[in-house]
1. For the chain, with every protein chain kept in place, what is the accessible area per residue (1.4 Å probe, Å²)?
2. Roughly how far apart, in whole Å, are the Cα centres of the range 136-151 and the range 165-181?
3. Roughly what % of DSSP beta bridges within the range 1-137 run antiparallel, to the nearest 5?
4. Rounded to the nearest percent, how much of the accessible area of the chain (1.4 Å probe, protein heavy atoms only) is carbon and sulfur?
5. To the nearest 10 degrees, how steeply does helix 73-86 sit against the main Cα axis of the chain, on a 0 to 90 scale?
6. If I stretch the segment between LYS214 and ASN98 completely, what's the gain in nm (0.36 nm per residue apart, minus their alpha carbon distance), one decimal?
7. Kindly state, to the nearest 0.05, the FRET efficiency for MET54 paired with THR82, given R0 = 25 Å and r defined as their beta-carbon distance.
8. Principal axes first, then extents: for the Cα atoms of the range 1-70, list largest minus smallest coordinate on each axis, whole Å, largest first.
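The values are calculated or read from the model by the stated rules, or taken from the named source; none is laboratory data. Since this is a predicted model, take the numbers as computed values, not measurements. All Cβ positions, even for glycine, are placed from backbone atoms using ideal geometry, and neighbour counts span all protein chains on display. For the accessible areas, the whole protein counts, side chains as well, though only heavy atoms, and no ligand, DNA or RNA atoms are used. Shrake-Rupley method; radii C 1.70, N 1.55, O 1.52, S 1.80 Å.
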Amino acid sequence: MPLIGDDAPAFTAKTTQGEIKFPDDYKGKWVILFSHPADFTPVCTTEFMTFASMQDEFRELNTELIGLSIDSIYAHIAWLRTIKEKIEYKGLKDIEVNFPVIEDLTMEVAKKFGMLQPNASNTQAVRAVFIIDPKAKVRCILYYPLSNGRNMDEVKRILLAMQKSDAEQIATPANWQPGDDVIIPPPGSCGTAKERVETVEEGKYCLDWFICFKKET
């Protein structure tokens, strides 16, 4: 399984939106690649409806979604049609899943990304989420058990946090939400630490020498 900072494994796959070549087809974009245990399962249905309802929000963040399970393309299509035609959940109805869902009967992609965990299941992928940056580097890995659905708002939050960190060279504190104050990287020397604490700078405040914040306006 790739780790944070590794190159995301390359693959070519058949999907509900045609063949995709990763990462070539996604150059310059962030990608959220996520696996689910099986089609026509209740938790997965709620997850796909939620992800699909947020697809435009992710695209505004230069981010594409890719789903995966160890099912055939025909099962995928039948399930996604059922979601659109029959399922209503938390006010979501007539939901069309337009992002690609990978057929992975050979488990090739699932194995490359470590989505199979034998003590959970030998035949179903766990609920893995890989957030991959525009350089095809793995930046975040989230794993959920088969029984519990993911929090898509958290997936979006950590994506926003990483994009902000990249753009501004800052870090984000616990429970950070867009608009909250951010953390300035800690000083690398004693002299810098002393200067940081003693210097008054508009828009900056320190709790101690190693933890300083930048105010967000």
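1. Normalised by residue count, the accessible surface of the chain is 53 Å².
2. Using only Cα atoms to place each centre, the spacing works out to 20 Å.
3. Taking every DSSP beta bridge with both residues in the range 1-137, the antiparallel ones total about 50 percent.
4. That fraction is 51 percent.
5. Result, in degrees: 80.
6. 37.9 nm
7. With R0 = 25 Å, the Cβ-Cβ based efficiency is 0.80.
8. Taking the Cα atoms of the range 1-70, the three principal extents are 33, 28, 27 Å.
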